[in-house]
Amino acid sequence: EVVGPAQAVALKHRCVVSVTGAVDVVTDGERVARTSGANSMMTKVTGTGCSLGALVAAAIACTPHDPFIGALTAHAVFKASGTLACKAARGPGALSGLLCDELYALSRDAHPLEALVQDNVDVGV
C-alpha cells in the first residue's frame, strides 16, 4: 500500500503527494483521497503523466488556500476524462487524441466528478 509512505513524504516536506495507478492516491499527510477510473490503456500513451502533472499544477494555482483539493480535483477530472476517452478508443493511438478532446470538453455536467472520488471527499470544482 502506498498510502503510508505518501503520507510520510507529504508530512516531512509539508506538501501534497500524488501516487498514480489503477486508483490514484492524493494526500497532504493528514487527508487521504483516492480516485478511480480510466483503464490500463492509459499506460500505453506517452505523455499522460505529463498531462496530469500540468493539470495538477493548474488546479493548485486555482486553489492556493488548499492544494490538496486542487490536486484531488485534477486527478478526478483526469480519471473522468480518461474513462470517457478509453470507452471510445479502439487503441492507444486514438486514445491520445480522445483524451485531449475530453479534457478540452470539460464541464461539470459531462463529468460526474464526485462519483469518481472515494472516501467522501468533496471535489468542489
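Does any residue of the range 38-45 turn out to be surrounded by fewer than 14 Cβ atoms within 10 Å (Cβ to Cβ), more than 20 Å from residue 100 (Cβ to Cβ) and modelled with pLDDT under 95?
Within the range 38-45, none of the residues are surrounded by fewer than 14 Cβ atoms within 10 Å (Cβ to Cβ), more than 20 Å from residue 100 (Cβ to Cβ) and modelled with pLDDT under 95.
May I ask you to list the residues in the range 23-37 that are in a strand (DSSP E or B), out of contact with any Lys or Arg (no Cβ under 6 Å at 6 or more places or on another chain) and either open to solvent by 40 Å² or more (accessible area, probe 1.4 Å) or among the acidic types (Asp, Glu) (or both)?
Of everything in the range 23-37, those that are in a strand (DSSP E or B), out of contact with any Lys or Arg (no Cβ under 6 Å at 6 or more places or on another chain) and either open to solvent by 40 Å² or more (accessible area, probe 1.4 Å) or among the acidic types (Asp, Glu) (or both) turn out to be 24, 34.
Can you pull out every residue in the range 73-102 that is open to solvent by less than 50 Å² (accessible area, probe 1.4 Å) and touching an Asp or Glu at 6+ places or on another chain (Cβ under 9 Å)?
Within the range 73-102, 75, 76, 78, 79, 80, 81, 82, 83, 85 meet the criteria.
Every residue in the range 1-22 that is open to solvent by 60 Å² or more (accessible area, probe 1.4 Å), at pLDDT below 95 and aliphatic (A, V, I, L, M), please.
2, 22
Are there any pairs with C-beta distances below 9 angstrom linking a residue in the range 82-99 that is of a type in the set (S, T, N, Q) to a residue that is open to solvent by 20 Å² or more (accessible area, probe 1.4 Å) and part of a helix (DSSP H, G or I), with the two at least 6 apart or on different chains, and if so which?
Note: pairs meeting the criteria are 83/102; 83/116; 96/48.
Yes or no: the range 108-121 includes at least one residue that is surrounded by 19 or more Cβ atoms within 10 Å (Cβ to Cβ), within 22 Å of residue 1 (Cα to Cα) and at pLDDT 85 or above.
No: zero hits.
In this structure, is residue 58 on the phi > 0 side of the Ramachandran plot, out of contact with any strand residue (DSSP E or B) (no Cβ under 9 Å at 6 or more places or on another chain) and either modelled with pLDDT of 85 or more or not in a helix (DSSP H, G or I) (or both)?
In short, no.
The values are calculated or read from the model by the stated rules, or taken from the named source; none is laboratory data. As the structure is a computational prediction, the values presented were derived from the model and not from experiment. Because the Cβ atoms are built from the backbone with ideal geometry, glycine has one as well, and the counts that use them run over all protein chains shown. Each accessible area value is taken on the protein alone, full model and side chains, heavy atoms only, with ligands, DNA and RNA left out. Shrake-Rupley method; radii C 1.70, N 1.55, O 1.52, S 1.80 Å.
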